[in-house]
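A.B. asks: Starting off with a structure, shown below.
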Amino acid sequence: MITVPYVDEVFQAQLVEADYCPEPVWHGLLKGPLLGAAPPECDIRRIESEADWAHFDRLVRADHVETDERTVRAVFTEEVTAQMQASRRMGRRDEVHVFLAWDEDEPVAFCSSGPGVDGTGMVEDLFTLPSHRNRGIARGLIHHSVADARARGAVDVLIGALHDDTPKNAYAATGFETTCLT
């Protein structure tokens, strides 16, 4: 059985029952400054309110639908998404900051960051709606999230991407060096 901290054991059992098998993840480590051009100005805000969480829930659902469409198995049912989000809300809200990127009055992307342990922080959960890709929003979120993790004590910063997904190339271009595949 998969054991994941801060994730309900019943939910984990449901994932196993649904034949969920995590895909290999590429991990990169940023030891110095981010490389490449500065991102365009982005309206990025930390989740603070229940309304923000509801926006985040909708974006995560869009991410899960897209993931299911490109993979063989559809495991991210609405119920699974809701349970994952409920677990996330109960988890380390003070430690992990979740950010939304806005286009006028509409949230269009998200990312999270944490200071981590022993000087190694983490940036994760990056997603941008397809209609807003290739505008520098994801790059803006990465810059914002790395700065947030470092402001809270991180020296180096980890990031991950599915092994066969294109974000790992963008991460490498910004200075994240390949560390491992899990």
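Throughout, read-outs are computed from the coordinates displayed, never taken from laboratory work. Source: prediction; values computed, not measured. Note: ideal-geometry Cβ built from the backbone for every residue, glycine included; neighbour counts use all protein chains shown.
A.B. asks: What number, rounded to the nearest 500 deg cm²/dmol, is the helix-based mean residue ellipticity at 222 nm of the chain, given -39500 (n - 2.57) per DSSP H run of at least four residues and division by all its residues?
C.D. replies: -11500 deg cm²/dmol
A.B. asks: Related question: Any chance you could run the full-extension gain for Glu177 through Glu79? It's 0.36 nm times the residue separation minus the Cα-Cα distance, nm to one decimal.
C.D. replies: 31.7 nm
A.B. asks: Continuing with this model, one more query. Here are a few candidate values for volume of the Cα convex hull per residue in Å³: [x] 123; [y] 115; [z] 182. Which one was actually calculated from the structure I just gave you?
C.D. replies: Evaluating volume of the Cα convex hull per residue in Å³ on these atoms matches [x].
A.B. asks: Asn134 to Glu66: extension gain in nm, 0.36 nm per residue of separation minus the Cα-Cα distance?
C.D. replies: 22.8 nm
A.B. asks: For an R0 of 35 angstrom, estimate the FRET efficiency from the Cβ-Cβ distance between Asp103 and Gln14 and round to the nearest 0.05.
C.D. replies: After rounding to 0.05, the efficiency reads 0.50.
A.B. asks: Using Cα pairs closer than 8 Å and at least 6 residues apart in sequence, work out the relative contact order for the chain, in percent.
C.D. replies: 33
A.B. asks: Give me the percent relative contact order of the range 100-182, please, defined on Cα pairs under 8 angstrom at least 6 residues apart.
C.D. replies: Relative contact order for the range 100-182 comes out at 27 percent.
A.B. asks: With angles folded into 0 to 90 degrees, how steeply does helix 78-90 sit against the dominant principal axis of the chain? Use alpha carbons for both and round to 10.
C.D. replies: The angle comes out near 60 degrees.
A.B. asks: What distance in nm separates the two pseudo spin-label positions at Arg45 and Ser87, each 7 Å out from Cα along the beta-carbon direction?
C.D. replies: Once both label points are built, they end up 2.9 nm from each other.
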